[in-house]
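Structure first, commentary second.
The values are calculated or read from the model by the stated rules, or taken from the named source; none is laboratory data. Quick caveat, the model's predicted, so the values are computed rather than measured. Note that we place each Cβ from the backbone using ideal geometry, even for glycine, and neighbour counts take in every protein chain shown. Just the protein is used for accessible areas: all its heavy atoms, side chains included, with ligands, DNA and RNA removed. Shrake-Rupley method; radii C 1.70, N 1.55, O 1.52, S 1.80 Å.
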Amino acid sequence: PYTPSKAWVDKLRATYAIDYIVHGDDPCFNPDGSDVYSYAKALDMFKIIKRTEGVSTTDIVGRMLLMTREHHVRSPAQPVQGEAITRLRSSSWAEDKQGLSVSDRSQFLPTARRIRQFASDRVPSDSDKVVYIAGAFDLFTQGHIEALKAAKGLGTFLVVGVYDDETVNRSRGGGHPIMNLHERCLSVLSCRYADEIIMGAPRTVTEDLLRSMNVSVVTHGSVSEGKYMQRFGGTEPAEGDPLALAKQLGKFQAFDSPSELLVEHIIARVLQHRDALAAKVA
């Protein structure tokens, strides 16, 4: 519930033995002006965390409902094409829904200071075994976290390549990725298993990438979004196997994905509650 009542908080304490209730640093009030978290505060179990300016979960939910592409980070040579709102033609909710709106552009500004707040100061040493894994990492799920943990287990220093928005949209179609490149990079950087990222990583693993990052192992999980995404107009890249060089050099090592959670599943959950969420982001 938006307002965690006394009964609800007491249930959380009794059933799950929680220590704290946490919220961002924006105030939350009931219609009568009372503090939503007054009971939790009275118990001295309320904690505040700083939000990242320009990143809105409400906006991200709106993108899932409308499949807009206007939040994508584009190169100067890449014009905005089509309508401002692009809908999934093959979805169960493709009929028009009046009143839905999301911001036309992401308001997040990827300054060096903000990126440093998420980034690790660690640099690989000569004794480190550097592992490389690449992907979209959209809506950064528990599945992604488990995959990065498994990848990190193959070495001691993990470099994560994050594909740019154009690359992801070309292969997945629709309004994907739901989160743009900057937002996805911050998500990956916030994970303890990621030591370094490559923003806008190349789709194909190249000799220069392997040499410059001193990569010993290139890896990939057994669970992928690729086949599912083709339903939304995406196409498999035509350049062939992007991991061919790593395999040829004997640097490739696959792992069984610990989780089968996909972006598809998150979007499906959101669409199950479409009407309630649509009213919130309207």
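Of note:
- Residues of the range 148-168 classified as touching a Pro at 6+ places or on another chain (Cβ under 7 Å) and over 15 Å from GLU196 (Cα atoms), total: 3
- Scope the range 134-150; condition open to solvent by 10 Å² or more (accessible area, probe 1.4 Å) and among the aliphatic types (A, V, I, L, M); matching residues: ALA134, LEU139, ILE145, ALA147, ALA150
- Subset of the range 161-185 [in contact (Cβ under 8 Å) with a residue 40 or more places away in the chain, within 24 Å of GLN117 (Cα to Cα) and open to solvent by less than 10 Å² (accessible area, probe 1.4 Å)]: GLY161, ASP165, PRO177, ILE178, ASN180, GLU183, ARG184, CYS185
- Scanning the range 21-42 for residues that are among the aliphatic types (A, V, I, L, M) and touching a strand residue (DSSP E or B) at 6+ places or on another chain (Cβ under 9 Å) yields ILE21, VAL22, VAL36, ALA40.
- The range 205-219, subset touching a helix residue (DSSP H, G or I) at 6+ places or on another chain (Cβ under 8 Å) and of a type in the set (A, V, I, L, M, F, W, C), residue surrounded by the fewest Cβ atoms within 10 Å (Cβ to Cβ): LEU210
- Residue match in the range 79-97 (condition: surrounded by 11 or more Cβ atoms within 10 Å (Cβ to Cβ) and at pLDDT 70 or above): no
- In the range 1-17, of all residues being open to solvent by less than 50 Å² (accessible area, probe 1.4 Å) and in contact with a helix residue (DSSP H, G or I) (Cβ under 8 Å, 6 or more places away or on another chain), the one that is modelled with the lowest pLDDT corresponds to PRO4.
- For THR219, the criteria (1) polar (S, T, N, Q); (2) within 18 Å of ARG63 (Cβ to Cβ); (3) out of contact with any Pro (no Cβ under 9 Å at 6 or more places or on another chain) hold in every case but one, which is (2).
- Selection count, the range 151-160, where residues are part of a loop (DSSP other than H, G, I, E, B), open to solvent by less than 40 Å² (accessible area, probe 1.4 Å) and free of Cβ contacts under 8 Å to residues at least 40 places away in the same chain: 0
- Screening the candidates ASP104, ASP59, ASP32 for the property of being among the charged types (D, E, K, R), at pLDDT 80 or above and either closer than 30 Å to ASP165 by Cβ or open to solvent by 50 Å² or more (accessible area, probe 1.4 Å) (or both) yields one hit, ASP32.
- Whichever residue in the range 188-204 is part of a strand (DSSP E or B) and open to solvent by 60 Å² or more (accessible area, probe 1.4 Å) and, among such residues, is nearest to GLY155 (Cα to Cα): GLU196
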